[in-house]
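All remarks here apply to the structure that follows.
The values are calculated or read from the model by the stated rules, or taken from the named source; none is laboratory data. The structure presented is a predicted model; accordingly, all values stated were derived computationally and were not measured. All Cβ positions, even for glycine, are placed from backbone atoms using ideal geometry, and neighbour counts span all protein chains on display. Side chains are part of the model used for accessible areas, which takes the heavy atoms of the whole protein and leaves out ligands, DNA and RNA. Shrake-Rupley method; radii C 1.70, N 1.55, O 1.52, S 1.80 Å.
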Protein chains: 2
Amino acid sequence: MKQALVLYGATDLGASEFSADILWATEFKVPDPVLFVQIEGRKVLFASPLEVERARKEANVDEVLLYSVIRGEQEKQEHQLVSYLKMEGVTHVTIPESLRYSLASLLSNHFEISAVRSPFGKERSVKREDELQEIEGAQRAVERAVAKGIQLVRESEIRGDELWHASYDHPLTSNDLRSCIDGDLYIKGYLGIDSIVACGAQAADPHCRGEGLLRPYQPIVLDIFPRSLTSLYFADQTRTVFKGEPSAMVKKMYMAVLDAQEQACMLIRDGAPTNDVMQCAVNILEKNSFPTSLTEGAVYGFIHGLGHGVGLEIHEAPSVGRSGEIFQEGMVVTVEPGLYYGKEIVAEIGTIPIGGIRIEDMVVVTKDGCRNLTQFPKSFEEMVL
Amino acid sequence: MKQALVLYGATDLGASEFSADILWATEFKVPDPVLFVQIEGRKVLFASPLEVERARKEANVDEVLLYSVIRGEQEKQEHQLVSYLKMEGVTHVTIPESLRYSLASLLSNHFEISAVRSPFGKERSVKREDELQEIEGAQRAVERAVAKGIQLVRESEIRGDELWHASYDHPLTSNDLRSCIDGDLYIKGYLGIDSIVACGAQAADPHCRGEGLLRPYQPIVLDIFPRSLTSLYFADQTRTVFKGEPSAMVKKMYMAVLDAQEQACMLIRDGAPTNDVMQCAVNILEKNSFPTSLTEGAVYGFIHGLGHGVGLEIHEAPSVGRSGEIFQEGMVVTVEPGLYYGKEIVAEIGTIPIGGIRIEDMVVVTKDGCRNLTQFPKSFEEMVL
């Protein structure tokens with residue numbers, strides 16, 4: 001039995017069939033999909049005439065083969081791959097579960113197929129030193145940009161239910177704050193993609209980008225996860241800030257989430273089960289009497305996983321939830337509990353108002369614990385601007 | 001027989017399994033993959049608890065269903081889909097060829113499967129008025145930004161084999177010019193992704209991004225294809241410029257490419273075969289004695305297709321090459337012949353130096369011809385700065 005791994009995809013930002021695995025394995029940026037084959041550790045790339053010369057110069061592979069010429073002749077390319085694999089004596093092919101069906105079904109006509117979630121996902125989840133540096137660089141950029149955004153809110157003045165800043169001829173909006181943050185990131189070479197600046201009821205929806213006026217005394221969730229425009233590595237950070245002290249119940253929510261966030265971080269170490277860390281956060285939020293419901297018509301509380309790996313994808317392995325994965329030294333993960341109430345909830349603890357709180361750091365797992373890659377403040381006092 | 005279309009993917013910029021089809025069909029932006037089902041014109045989205053409320057507010061679909069809760073339980077979600085389709089009495093399922101293998105093979109265990117290239121690709125290729133406006137808006141942004149970049153080169157001074165501009169303490173580089181162009185785009189809400197500013201030998205490689213010093217008398221290829229950060233529609237334009245008049249042979253190359261570009265444009269109209277338009281460009285370049293070779297070890301000349309559709313993907317249907325497609329009123333396509341010589345070639349016409357030329361406009365097909373969406377100059381005289 002001779003085995004080959006087959007991947008297919010492009011590696012440029014915004015390409016439709018983006019493959020973080022191919023980018024990771026080849027370090028080659030290419031806007032249209034290419035075929036990648038690995039046989040017994042030997043890496044081969046099939047490239048079109050348009051890319052073949054550049055691939056030979058830039059791709060970190062053992063060989064670059066030219067494949068057939070005319071765009072649109074996908075089938076020919078795929079048959080060329082089958083011939084190549086047969087010539088090499090391959091009998092078994094490993095593919096990612098996400099491989100395009102047309103290619104996977106062709107391969108399955110000729111070879112034994114095993115589909116795995118992400119062939120390099122496990123290797124990619126443990127970061128090399130140079131990858132860590134890219135991610136930390138992105139994280140520093142996030143912190144500078146968010147500090148700038150927070151300064152804007154701090155300098156603003158509460159007038160009625162609006163925030164006014166001397167540099168703007170209108171009350172401050174989510175867009176103003178997002179432009180300030182994303183603009184600073186872009187100048188430094190990072191792209192904020194759908195950066196979240198969500199206030200009040202919008203903060204109750206974890207993926208709501210936020211728009212319209214910012215309000216005093218309400219949570220403003222700043223979830224910033226930019227990507228390096230050169231290396232394509234991500235960073236990820238969330239802070240929830242307030243212009244003016246919020247209600248006692250919202251402060252309670254903040255303190256519960258912060259407690260869950262900090263205690264979960266303390267459980268992370270090489271060998272720890274991710275599920276336990278998730279459960280720790282769930283328990284603390286419950287202990288603080290903030291209810292969670294995940295049934296149709298009543299989705300509220302802590303409604304997402306605790307965190308995820310960060311690298312060439314914003315969400316990659318490991319998943320810190322109920323997936324049963326184990327932390328390994330060198331993994332980079334977010335720790336981001338949150339509470340979300342899209343409607344007022346009458347609970348044991350009292351009436352919980354509409355709104356949301358999320359606090360997120362990014363850490364790297366070490367032998368005995370974890371190192372927090374996020375240096376940004378998160379105490380309640382420092383978040384009241 | 002009852003039929004369903006099944007799609008799977010995310011719709012945010014930079015998402016790994018980006019689906020332009022889902023974005024087009026739902027107008028819903030979502031960072032993690034969702035399931036999209038269409039049965040007899042009725043559109044249904046399966047969303048996680050994290051997205052379900054937002055999907056109900058924002059997605060242009062008939063129904064949003066909640067699917068199982070915990071991240072990482074992909075299989076459960078997929079089985080939920082199978083149950084749903086059976087309940088609806090579905091017997092045949094259409095999927096995109098690019099659908100992830102795990103989902104496609106599960107569906108094929110329960111239903112008759114037909115895989116098509118891009119289920120909405122053909123519909124998407126003919127643009128609605130609002131889509132045209134998005135694309136034209138992006139094109140206007142390209143033109144403003146490229147004009148700024150060209151101004152920078154125009155204002156610079158030739159000193160030896162370098163270009164010097166008063167605002168820089170070093171000779172002008174590809175990066176300087178790219179930053180000038182991309183920075184202007186970003187301020188206007190567009191993202192230049194790997195914008196090409198490639199000079200001299202780098203211009204001989206169509207997808208080389210370009211780096212290092214810009215040189216006088218050499219072709220500088222400016223291929224700018226940004227994406228709206230809000231709507232995700234692209235535009236695409238290439239100009240080849242020179243600081244100082246190039247050699248007579250390079251001018252000849254430019255004139256041949258321009259002739260091919262303009263004559264190809266004149267053949268485009270509703271009902272015309274794309275292959276004929278491609279062949280027209282091939283013929284003109286041949287007639288001008290510029291040779292093309294696409295064999296291993298000797299890839300040069302006109303080495304790519306003449307053009308491609310532009311919309312929510314930078315390369316989408318139709319392909320203007322040898323795919324046999326037919327132009328239809330409302331299609332937006334690029335027309336971008338090029339000549340590339342990575343080594344000196346001794347040809348009938350004389351010795352062709354190392355370098356590349358590409359000229360690209362974006363047009364919309366009309367009943368009787370096409371309307372050029374690109375208003376930027378392209379005469380040789382105007383490209384010598």
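Over the stretch B:3-119, with a single point scatterer placed on each C-alpha, what log10 of the ratio I(q)/I(0) does the Debye formula yield at q = 0.10, 0.11 1/Å?
After summing over all Cα pairs, the log10 values are -0.25, -0.31.
If you fit an axis through the alpha-carbon atoms of helix B:248-267 and take the longest principal axis of the Cα set of chain B, what angle between them do you get, 0 to 90°, nearest 10?
Taking the Cα atoms of chain B, the angle to B:248-267 is about 40 degrees.
What net charge is computed for the residues neighbouring B:V30, neighbours being all others with C-beta under 13 Å from the C-beta of B:V30, Lys and Arg scored +1, Asp and Glu -1?
With Lys, Arg at +1 and Asp, Glu at -1, the neighbours total -4.
Of B:K43, B:K243, B:K287, which has the largest mean-square fluctuation in a 10 Å C-alpha GNM of chain B?
B:K287
May I ask for the angle, rounded to the nearest 10°, between helix A:74-87 and the longest principal axis of chain A, with both axes built from Cα atoms and the value confined to 0 to 90°?
Approximately 60 degrees, to the nearest 10.
Would you kindly work out, in nm and rounded to one decimal, the distances from the label point of A:S114 to those of the same position in each other copy, ordered shortest first, with label points 7 Å along Cα-to-Cβ?
Sorted ascending, the copy-to-copy spacings read 3.6 nm.
Can you tell me what share of the DSSP beta bridges in the stretch B:3-119 is antiparallel? A percent to the nearest 5 is fine.
45 percent
In the protein assembly as shown, what % of DSSP beta bridges are antiparallel (nearest 5)?
That works out to approximately 80 percent antiparallel.
Compute the acute angle (0 to 90°) between the alpha-carbon long axis of helix B:101-110 and the principal axis of greatest extent of the alpha-carbon atoms of chain B; round to the nearest 10°.
40 degrees
Could you tell me which of the pairs A:K2/A:K122; A:K188/B:K188; A:K29/B:K148 are separated by over 25 angstrom between their Cα atoms in the structure shown?
Check vs 25 Å cut-off fails for A:K29/B:K148.
Would you mind giving the total buried accessible surface between chains A and B, with a 1.4 Å probe and ligands, DNA and RNA left out, rounded to the nearest 100 Å²?
Looking at A and B, the buried total is near 5200 Å².
Taking the simple approach of a point 7 Å from Cα along Cα-to-Cβ for both A:H92 and B:T91, what is their distance in nm?
Distance between the two pseudo-spin positions: 4.0 nm.
Just to be sure I understand: with springs between alpha-carbon atoms less than 10 Å apart, which residue in B:L232, B:L152, B:L258 has the highest mean-square fluctuation in the Gaussian network model of chain B?
For chain B, modelled as a Gaussian network with Cα springs under 10 Å, the answer is B:L152.
Within the set of other residues whose C-beta is less than 12 Å from the C-beta of B:L66, count the net charge using Lys and Arg as +1 and Asp and Glu as -1.
Residues near B:L66 contribute -3 overall.
Loop-only check: which chymotrypsin sites (Phe, Trp or Tyr not before Pro) in the stretch A:214-292 are DSSP coil with at most 15 other Cβ within 10 angstrom?
Loop-located and lightly packed - A:Y217.
Got the A:F380 label distances to the other copies yet, label 7 Å along Cα→Cβ, in nm, shortest first?
7.5
What lysines could a cross-link reach from A:K252, if we take a straight Cα to Cα line under 23 Å and drop same-chain neighbours fewer than 8 places away?
The reachable lysines, counting only those whose Cα sits under 23 Å from A:K252, are A:K243, A:K287, A:K343, A:K378.
Using R₀ = 51 Å, calculate the FRET efficiency as 1/(1 + (r/R₀)^6) where r is the Cβ-Cβ separation of B:D130 and B:D276; round to 0.05.
So the FRET efficiency works out to roughly 0.95.
Using just the helices of the protein assembly as shown, give the 222 nm mean residue ellipticity in deg cm²/dmol: DSSP H runs with n ≥ 4 each add -39,500 (n - 2.57), and the total is spread over all residues, rounded to 500.
It lands at -10000 deg cm²/dmol.
Put a point 7 Å out from Cα along the line to Cβ at A:A298; what are the distances to that point in the other copies, in nm, shortest first?
Its label point is 7.6 nm from the equivalent points in the other copies.
Quantify how strongly other chains surround peptide B:8-15 by giving the mean number of their Cβ atoms within 10 Å of each of its Cβ atoms.
Average neighbour count from other chains, rounded to a whole number: 5.
Sort A:18-25, B:57-64 for me by packing, meaning the mean count of neighbouring Cβ atoms within 10 Å per residue, highest on top.
The packing order, highest mean first, is A:18-25, B:57-64.
Give me the percent of the accessible area of chain A that comes from carbon and sulfur atoms, probe 1.4 Å, all protein chains in place.
It is 49 percent, rounded to a whole number.
Might you tell me the accessible area per residue for chain B, computed with a 1.4 Å probe and given in Å²?
38 Å²
Looking at chain A only, what percent of DSSP beta bridges run antiparallel? Nearest 5 please.
Here the antiparallel bridges make up roughly 80 percent for chain A.
How large is the Kirkwood hydrodynamic radius of the stretch B:125-383, in angstrom, based on all distinct alpha carbon pairs?
18.4 Å
Other chains' Cβ within 10 Å of A:44-52 residues: what's the mean?
Rounded to a whole number, the mean comes out at 4.
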